[in-house]
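Visitor: Submitted below is the structure of interest, expressed as structure tokens.
The values are calculated or read from the model by the stated rules, or taken from the named source; none is laboratory data. Here the structure is a predicted model, which means the values were calculated and not measured. A quick note on method: Cβ atoms are made from the backbone with ideal geometry, for glycine too, and the neighbour counts reach across all protein chains shown.
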Amino acid sequence: MKKFVRLCAILLGLGLASAAWAAEPIKIGSVLSVTGPAGYLGDPELKTLRLYIENINKAGGVLGRPLELVYYDDGSDANKANGFAKRLIDDDMVDVLIGGTTTGSTMSIVPLVEKSGIPFVSLAGAVVIIEPVKKWVFKTPHTDRMAAEKVFLDMKKRGITNVALLSETSGFGQSGRKESQAMAAKVGINLVADETYGPKDTDMSPQLTKIKNTPGVQALFVFGLGQGPAIVNRDVRQIGLTIPVYHAHGVDSEEFIKLSGPAAEGVRLPAAALLVADKLPANDPQKPVVTAYKKAYRDRYNEDVSTFGGHAYNGLMLVVDAIKRAGSTDKAKVRAALEQTKGFVGTDGVVTMSETDHLGLDLTSFRMLEVRNGDWVLID
């Protein structure tokens with residue numbers, strides 16, 4: 001009799017679970033640069049979304065409904081990103097969009113979401129994504145403007161005022177160049193050289209030789225993403241340029257150190273707390289979040305974490321939090337809930353958004369790191 005009762009209970013439980021997942025899924029649409037020059041940014045983003053959507057579903061989903069990831073790889077091509085976003089909105093009929101690995105891809109998606117009225121959380125860095133504020137567009141990473149300010153303030157502490165800027169001609173690099181020029185004038189940094197390189201370039205020694213021969217240059221600031229900045233590091237060593245080298249936040253991953261090899265030694269850059277999770281003080285509000293993410297990601301994929309995967313974590317969790325508070329997947333309600341996010345502790349910092357701020361981070365959430373002995377060291 002007891003066995004019969006237990007069997008009935010099991011069958012009832014399976015029936016209830018089946019009924020729960022018979023509910024319409026909440027569709028999370030995503031366009032990511034999983035391959036191409038920005039592949040090492042997009043790959044951990046996709047892995048993170050898959051990991052946490054599975055975990056959320058195992059825990060019962062959101063509002064009693066499972067999450068379903070519908071994604072496309074734009075191959076680091078902004079034109080493809082536009083087409084895939086249109087497909088997600090019109091054909092797949094997703095409830096929200098998370099993605100846009102690069103600024104170029106993101107900006108190609110923005111007009112579509114603004115016209116369609118669908119919440120979109122970008123994973124790209126440029127400030128142009130959220131300034132001016134766009135009704136349906138939010139983002140998770142720190143901006144290029146914040147990166148320039150953090151770097152220049154650190155330079156000033158070291159007595160550096162004459163700086164060479166080397167930026168990529170991608171959307172992220174172009175915006176970063178513009179923001180760096182404006183911030184330099186604001187904080188008292190002289191840009192004594194201003195060079196650029198292409199996203200697919202494999203030799204930056206001509207630009208670096210010009211910088212080396214620039215009178216009075218004290219430091220190099222590189223604004224790029226993907227593999228290009230690692231090539232810059234190697235070329236810096238090759239031509240014998242000995243000034244301090246700084247990078248923006250488009251390279252915040254262990255892969256950057258691996259690609260650069262010994263040439264990464266001494267490089268400084270601003271990053272989210274995730275890269276130094278184990279080195280944060282015990283009372284840091286982000287420590288439990290970043291250490292848990294780091295463990296979950298490594299346990300699942302046996303790979304080092306990057307801040308890019310962290311951006312995807314933030315994007316997904318911000319959306320889930322907004323849907324829960326809205327009590328609905330109604331797009332207008334979810335958008336409003338995102339805008340009303342207060343004190344959300346994520347991998348990028350503590351997020352508080354508003355009608356005029358669709359990022360919700362300040363400069364204190366950016367940490368200055370230096371590469372020492374092939375590892376990240378927390379400077380500030």
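Visitor: Kindly provide the set of residues from the range 313-337 that are without any contact (Cβ under 8 Å) to a residue 40 or more places away in the chain and either in a helix (DSSP H, G or I) or not assigned by TED's automatic domain parsing to the domain that holds Ser30 (or both), ordered by number.
Guide: Going residue by residue through the range 313-337, those that are without any contact (Cβ under 8 Å) to a residue 40 or more places away in the chain are 321, 325-326, 330, 333, 336-337.
Once the filter is applied, which keeps residues that are without any contact (Cβ under 8 Å) to a residue 40 or more places away in the chain and either in a helix (DSSP H, G or I) or not assigned by TED's automatic domain parsing to the domain that holds Ser30 (or both), the range 313-337 yields Asp321, Arg325, Ala326, Lys333, Ala336, Ala337.
Visitor: Considering (1) assigned by TED's automatic domain parsing to the domain that holds Thr341; (2) under 24 Å from Lys200 (Cα atoms); (3) crowded, with 24+ Cβ neighbours inside 10 Å, say which one Val128 fails and leave the rest.
Guide: (3)
Visitor: Look at Pro288 and say whether it is in contact with a His (Cβ under 6 Å, 6 or more places away or on another chain) and not aliphatic (A, V, I, L, M).
Guide: Considered against the rule, which asks whether it is in contact with a His (Cβ under 6 Å, 6 or more places away or on another chain) and not aliphatic (A, V, I, L, M), Pro288 comes out as no.
Visitor: If you take the residues of the range 131-157 that are of a type outside the set (A, V, I, L, M, F, W, C) and under 13 Å from the mean Cα position of the chain (by Cα), which of them is surrounded by the fewest Cβ atoms within 10 Å (Cβ to Cβ)? Don't jump to the end; show me each part of the working.
Guide: Start the filter on the range 131-157 by keeping residues that are of a type outside the set (A, V, I, L, M, F, W, C), which leaves 131-132, 134-135, 139-145, 149-150, 154, 156-157.
Subsequent filtering for residues that are under 13 Å from the mean Cα position of the chain (by Cα) retains 139-144.
Details: Lys139: 27, Thr140: 29, Pro141: 26, His142: 28, Thr143: 24, Asp144: 30.
Among them, the one singled out is Thr143.
Visitor: Please tell me if Val276 is touching a residue at least 24 places away in the same chain (Cβ under 8 Å), assigned by TED's automatic domain parsing to the domain that holds Val137 and either surrounded by fewer than 23 Cβ atoms within 10 Å (Cβ to Cβ) or in a helix (DSSP H, G or I) (or both).
Guide: Working: touching a residue at least 24 places away in the same chain (Cβ under 8 Å): yes; assigned by TED's automatic domain parsing to the domain that holds Val137: no; either surrounded by fewer than 23 Cβ atoms within 10 Å (Cβ to Cβ) or in a helix (DSSP H, G or I) (or both): yes.
For Val276, the condition - touching a residue at least 24 places away in the same chain (Cβ under 8 Å), assigned by TED's automatic domain parsing to the domain that holds Val137 and either surrounded by fewer than 23 Cβ atoms within 10 Å (Cβ to Cβ) or in a helix (DSSP H, G or I) (or both) - is not met.
Visitor: From Pro244, Pro281, Pro285, which residue is more than 28 Å from Met317 (Cβ to Cβ) and of a type outside the set (D, E, K, R)?
Guide: Numbers: Pro281 fails: more than 28 Å from Met317 (Cβ to Cβ); Pro285 fails: more than 28 Å from Met317 (Cβ to Cβ).
Every option except Pro244 fails the conditions.
Visitor: For the range 187-230, enumerate the residues that are basic (Lys, Arg) and either within 28 Å of Thr307 (Cα to Cα) or under 23 Å from the mean Cα position of the chain (by Cα) (or both). Quick ask: steps written out before the conclusion?
Guide: Of all residues in the range 187-230, those basic (Lys, Arg) come to 200, 210, 212.
Selection gives Lys200 alone.
Visitor: Sticking with this one: Can you tell me which residues in the range 231-259 are within 18 Å of the chain's Cα centre (by Cα) and closer than 19 Å to Ala193 by Cα? Steps first, answer last, please.
Guide: Keep residues of the range 231-259 that are within 18 Å of the chain's Cα centre (by Cα), which gives 247-257.
Result: His247, Ala248.
Visitor: Still on this structure, please answer the following. Please pick out the residue among Val334, Val350 that is buried (at least 17 other Cβ atoms within 10 Å of the Cβ), within 16 Å of the chain's Cα centre (by Cα), farther than 17 Å from Ser306 by Cβ and not charged (D, E, K, R). Full working, then the answer.
Guide: Details: Val334 fails: within 16 Å of the chain's Cα centre (by Cα).
Result of the check over Val334, Val350: Val350.
Visitor: Across the range 236-257, what is the number of residues that are surrounded by fewer than 20 Cβ atoms within 10 Å (Cβ to Cβ) and within 25 Å of Gly171 (Cα to Cα)? Steps first, please.
Guide: Taking the range 236-257 and keeping what is surrounded by fewer than 20 Cβ atoms within 10 Å (Cβ to Cβ), we get 237-244, 254.
Right, trim to within 25 Å of Gly171 (Cα to Cα) and you get 254.
The qualifying residues number 1.
Visitor: Sticking with this structure for a sec: Return yes when Thr364 is under 27 Å from Phe221 (Cβ atoms), at pLDDT 95 or above and not aromatic (Phe, Trp, Tyr) and no when it is not. Steps first, answer last, please.
Guide: Values: under 27 Å from Phe221 (Cβ atoms): yes; at pLDDT 95 or above: no; not aromatic (Phe, Trp, Tyr): yes.
No: the conditions fail for Thr364.
Visitor: Additional query: Select from the range 1-60 the residues that are of a type in the set (S, T, N, Q) and either within 26 Å of Phe172 (Cα to Cα) or modelled with pLDDT under 50 (or both) and list them in ascending order.
Guide: At the first step, the residues of the range 1-60 found to be of a type in the set (S, T, N, Q) are 18, 30, 33, 35, 48, 55, 57.
Residues satisfying the conditions are Ser18, Ser30, Ser33, Thr35, Thr48.
Visitor: Exactly one condition in (1) under 30 Å from Ser116 (Cα atoms); (2) of a type in the set (Gly, Ala, Ser); (3) assigned by TED's automatic domain parsing to the domain that holds Val236 is false for Gly266; which is it?
Guide: Status for Gly266: all satisfied but (1).
Visitor: Against the definition (of a type outside the set (Gly, Ala, Ser) and surrounded by fewer than 24 Cβ atoms within 10 Å (Cβ to Cβ)), how does Ile160 come out, yes or no? Let's see the steps before the verdict.
Guide: Values: of a type outside the set (Gly, Ala, Ser): yes; surrounded by fewer than 24 Cβ atoms within 10 Å (Cβ to Cβ): yes.
Against the criterion (of a type outside the set (Gly, Ala, Ser) and surrounded by fewer than 24 Cβ atoms within 10 Å (Cβ to Cβ)), Ile160 qualifies.
Visitor: Turning to a different aspect of this structure: Scan the range 309-330 residue by residue and report those that are among the charged types (D, E, K, R) and in contact with a helix residue (DSSP H, G or I) (Cβ under 9 Å, 6 or more places away or on another chain).
Guide: Taking the range 309-330 and keeping what is among the charged types (D, E, K, R), we get 321, 324-325, 330.
Once the filter is applied, which keeps residues that are among the charged types (D, E, K, R) and in contact with a helix residue (DSSP H, G or I) (Cβ under 9 Å, 6 or more places away or on another chain), the range 309-330 yields Asp321, Lys324, Arg325.
Visitor: Same structure, new question: Looking for something in a helix (DSSP H, G or I) and touching a strand residue (DSSP E or B) at 6+ places or on another chain (Cβ under 9 Å) - is there at least one such residue anywhere in the range 338-346?
Guide: Taking the range 338-346 first, the residues in a helix (DSSP H, G or I) are 338-339.
If we keep only those that are touching a strand residue (DSSP E or B) at 6+ places or on another chain (Cβ under 9 Å) too, we end up with 338-339.
For the range 338-346, residues in a helix (DSSP H, G or I) and touching a strand residue (DSSP E or B) at 6+ places or on another chain (Cβ under 9 Å): present.
Visitor: Can you tell me which of (1) in a helix (DSSP H, G or I); (2) surrounded by 18 or more Cβ atoms within 10 Å (Cβ to Cβ) is the one Gly261 doesn't meet?
Guide: If we test Gly261 against (1) in a helix (DSSP H, G or I); (2) surrounded by 18 or more Cβ atoms within 10 Å (Cβ to Cβ), just (2) comes out false.
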